[in-house]
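The values are calculated or read from the model by the stated rules, or taken from the named source; none is laboratory data. Keep in mind it's a predicted model, so treat the numbers as computed, not measured. Every residue, glycine as well, gets a Cβ built from its backbone with ideal geometry; the counts of neighbours run over all protein chains shown. Each accessible area value is taken on the protein alone, full model and side chains, heavy atoms only, with ligands, DNA and RNA left out. Shrake-Rupley method; radii C 1.70, N 1.55, O 1.52, S 1.80 Å.
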Amino acid sequence: MIVCMASGNGSNFEAIVKSGIKIDLVITNRPTARVIERAKKFNIPYIFNSVEYEECIPKDTKLVILAGFMKILSKEFVNKYPTVNIHPSLLPSFKGANAVPQALDSGVKIAGCTVHWVDEGMDTGKIIAQKSCVVYEDDNEHTLHARIHELEHQIYAQTIKQILRTL
Ligand code: GAR
């Protein structure tokens, strides 16, 4: 089974599905997450659980894909289930929830996104792939995040396909 966990919009989830990767289940911790509508659109089952989301994972899960899942998973969970994440910065810079504003505040001229394995830390796992973009003088959080999102939609599906070939 391939499981996607998401807390919000779900545009990465949709890009992954549209790339031809078969997602078997969506787990969300937020009842209003737009990813639920997207899962319904593709007839993919979903589970909402705001607290015990780790317990919702089927035992035969071979890959967990985090797509805007804004919770830290336990060490036991990530040791048991190979878990990948996409993060909107060039890690190890700008970890955490506000990566794009952090990048703008710091004045960096290059931003981007990172696909990484998930460990028990926050955005600390081994880096698998990265893609970069220019930061323009007049960028704001919205414009820069939109540019990063475009990169994410390409690199995440490509990287997951590579990972699935090795599992
Ligand atoms: C993405 O930009 C993803 O990198 C970020 O949340 C957004 C989710 O967008 N994840 C994190 O910040 C994790 N620390 P989406 O719901 O449209 O896929």
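Quick notes on this one:
- Cβ-Cβ distances below 6 Å connect the following pairs, each with a first residue in the stretch 102-129 that is assigned to a loop (DSSP other than H, G, I, E, B), a second residue that is among the basic types (Lys, Arg), and a separation of six or more residues or different chains: Glu120/Lys75; Met122/Lys95; Asp123/Lys95.
- Pairs, first acidic (Asp, Glu) in the stretch 62-79, second at pLDDT 95 or above and open to solvent by less than 100 Å² (accessible area, probe 1.4 Å), C-beta under 9 Å, six or more apart: Glu76/Glu54
- Tally, over the stretch 48-69, of residues that are open to solvent by 40 Å² or more (accessible area, probe 1.4 Å) and either part of a helix (DSSP H, G or I) or under 18 Å from Ile16 (Cβ atoms) (or both): 3
- Complete set of residues in the stretch 24-35 that are open to solvent by 10 Å² or more (accessible area, probe 1.4 Å) and touching a strand residue (DSSP E or B) at 6+ places or on another chain (Cβ under 6 Å): Asp24, Leu25, Pro31
- Glu152 vs. criteria crowded, with 20+ Cβ neighbours inside 10 Å and either over 12 Å from the mean Cα position of the chain (by Cα) or assigned to a helix (DSSP H, G or I) (or both): yes
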